[in-house]
Amino acid sequence: MKTFAHLLILCLVTGWVGAQQFSDNETLRIDLDGIEHVGLYNHRGNVKVIGSNSNQAVVTYKRTLRSASSRKLEEAKEEIKFLSERDGNRLLLFMEAPDLKFQISPDGRGHYRSPNWNEWNDRYQVDFEFEIVLEIPAQMNLDVSNHHSALEVSGVRGTLHASNHHKDLLIEGAGSMVKAHSHHGDVTVTHASNPTKESDYQTHHGDIRVSYRSGLGAEAKMHTHHGSLYSDFDWTASPQKVSSSKSKRGTKYKIGKDTVVKIGSGGPTLNFDTHHGHIYLVRI
């Protein structure tokens, strides 16, 4: 892996509700020659990704640290970082702190683990966030995640994986394959072109609203426990899928729990899953 140098633009220290605050801004301009996939992984702080006509990745971020202790704040400046690394044909952009270590999962996606969160937090008592704006070529494949703050993706038409845990997820101008996941927030996706590959839209506590172009052809599998299903598209019901398993007591049959419909002439599977919210399929 190769670590890129960062350009420091601005540093300042201000007061914050009886504590001390430190902020700095940095901009990275990264050549994407040979890069096929960009991964951006944040934990706290708003994230916006914008598709552009450039052949570079341009990252602008603001790091903010807060602590009641000047000594702990100085230590945090050195230990809480935003990093960029190249791993083969992937560019990885991520933050790292003593209580959050970045790792790559077996599926190739990034995530954080917290090895000694309580110990570090008691010792440092530091609050931190990174506000990030990333510009990448519109056709680039993207994997982006956030945990505590808003996540927006606009004009990225490559293969897109986007996830956000506590807040809403907004995607505009998506391409032919999207996997969009939240837990506590709404998932809102607008497609610039209709999906040609299997796509997923999932949340637990929020609504799912996905907008498609006229002429959509797909098989939609929809599941909501407490909500309702709405569609601007004409559809026909598809048979429920039945699975079977055998035991000494005989053959057990299980009927699928999803509402499955065919839209248009059919096509890729579109999976919608929310527990407490509604599902909307909107025609643009």
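A few remarks follow.
- Cβ-Cβ FRET estimate between residue 238 and residue 133, R0 fixed at 35 Å, reported to 0.05: 0.25
- Global form of segment 125-228, assessed from the alpha-carbon gyration tensor, a/c cut-off 1.5: oblate
- Listed peptides 65-72, 27-34, 46-53 appear in the order 46-53, 65-72, 27-34 once ranked by packing, highest mean of other Cβ atoms within 10 Å at the front.
- Going from the fewest other Cβ atoms within 10 Å to the most, the residues 258, 143 appear in the order 258, 143.
- The protection proxy used here, the mean number of other Cβ atoms lying within 10 Å of each residue, ranks peptides 231-237, 199-205 as follows, highest first: 199-205, 231-237.
- Charging the Cβ of each Asp and Glu at -1 and of each Lys and Arg at +1, and nothing else, the dipole of segment 34-155 about its Cα centre rounds to 160 debye.
- Here the calculated FRET efficiency for residue 166 and residue 265, from their Cβ-Cβ distance with R0 = 45 Å, stands at 0.70, rounded to the nearest 0.05.
- Structure note, pairs 197/221; 197/262; 167/197; 48/77: Cα-Cα distances above 21 angstrom occur for 167/197; 48/77.
- Full-extension gain in nm, residue 247 to residue 52, via 0.36 nm per residue minus C-alpha separation: 64.5 nm
- Likely footprinting exposure, 166, 181, 226, fewest C-beta neighbours within 10 Å first: 226, 166, 181
Values quoted throughout were computed directly from the atomic coordinates according to the rules given, and no laboratory measurement underlies them. All of these numbers come straight from a predicted model, not from anything done at the bench. Ideal geometry is used to build each Cβ from the backbone, glycine not excepted, and the neighbour counts take in all protein chains shown.
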